[in-house]
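Please read the structure below before turning to the comments.
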Amino acid sequence: MPPRRSPGTPDDGPAAPASGAASDTAASLSASLERADGGSRTKRILNPHNPIGTVGRLRAILIGILAAGLGMALGHLVASFRKASASPVLAVGEAVIDRTPTALKDFAIKQFGTNDKLVLLLSVSAGALVLAGIAGLLARRIFLLGLALELVLVAVAGYAAMTRPAAVASDIVPTIVTALAGTLALFGLFWLSGDAFTRRTVDRVLRRPTASDEPTLASTRRVFLAGSGVVAAGAVGSAAIGQKLGAVPSTAGLALPVAKEKAPAIPVGLTAQYPAITPCAPRTASSTGSTPP
């Protein structure tokens, strides 16, 4: 039989088991969290200054834009060595121009003159970079989802390049270069920012245990600034070189050669028999740049 309590003794027997059960539940929950994500979530709660897995929104947008910019620039550079029209940027721009209503084309020509195509190409590039920024935001939460959006943009560019009238099989090469460069830049910049998914992926590929000394906020900021600077410089340099190599030579100073022998005049009455024939205008000093013979 259990021992009797004296009438004045407080009934505190059940309190101890309840406290023990609550402690066991908390410990079990903490262990479950650590097993679920390798302990990174618990570490972020205990140390909110640790940036692992917490890439900021603005930085994620910048990463998406930089990755897409580098991919487009390298694709443009590769296309300039063989066929400038195979550039992903130019292919999409030309496809948009072909599908632009005539009224809008006339408006662009009236507003921008001979720079109408340049304005349309810049507008297409700006739209692509906006979508790339959205891809960076998606990659901040689910990396593969953001990567998928960037690859969809590249696929659209590849389709535009391969459906041009004079397209050949090799025109897909700049698009492939764009996809590879954009993917590597997106992954690398997120990794430099301390993203949890990319760091775990690298550790898994290299078959090394997760580092116990995770980077601090200051160290990842310095590394990210350096990496993003390299990517930005590569994008600007590749675009500039590609534009220079793929530029069409100017015909401003081109002069037609003067014929050594003057062509005979059109026989009299031939223009009446064939109305489509237009008599040649006499050459002048202003049209040939020299004194007529």
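The values are calculated or read from the model by the stated rules, or taken from the named source; none is laboratory data. What you see is a predicted model, and the numbers here were worked out from it, not measured in a lab. Glycine gets a Cβ as well: all are built from the backbone with ideal geometry, and neighbour counts include every protein chain shown. Note: accessible area is taken over every heavy atom of the protein model, side chains too, but ligands, DNA and RNA are not part of it. Shrake-Rupley method; radii C 1.70, N 1.55, O 1.52, S 1.80 Å.
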Qualifying residue in segment 278-285 (condition: more than 54 Å from the chain's Cα centre (by Cα), hydroxyl-bearing (Ser, Thr, Tyr), open to solvent by 100 Å² or more (accessible area, probe 1.4 Å) and modelled with pLDDT under 70): no
Pairs, first of a type in the set (Val, Ile, Thr) in segment 183-201, second in a helix (DSSP H, G or I) and open to solvent by 40 Å² or more (accessible area, probe 1.4 Å), C-beta under 7 Å, six or more apart: THR198/PHE187; THR198/TRP191
From GLY229, GLY188, GLY246, GLY182, residue being at pLDDT 85 or above and under 17 Å from VAL78 (Cβ atoms): GLY182
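Of a type in the set (A, V, I, L, M) and at pLDDT 85 or above: does that describe VAL92?
On the way: of a type in the set (A, V, I, L, M): yes; at pLDDT 85 or above: yes.
In short, yes.
Test LEU206 against the stated conditions and say whether it is aliphatic (A, V, I, L, M) and more than 22 Å from the chain's Cα centre (by Cα). Talk me through it step by step, then tell me what you get.
On the way: aliphatic (A, V, I, L, M): yes; more than 22 Å from the chain's Cα centre (by Cα): yes.
Spelling it out, LEU206 is indeed aliphatic (A, V, I, L, M) and more than 22 Å from the chain's Cα centre (by Cα).
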Entirely in segment 49-139, the helices (runs of 4 or more DSSP H) that have 2 or more residues that are open to solvent by less than 30 Å² (accessible area, probe 1.4 Å), farther than 23 Å from ALA185 by Cβ and touching a residue at least 12 places away in the same chain (Cβ under 8 Å): 88-98
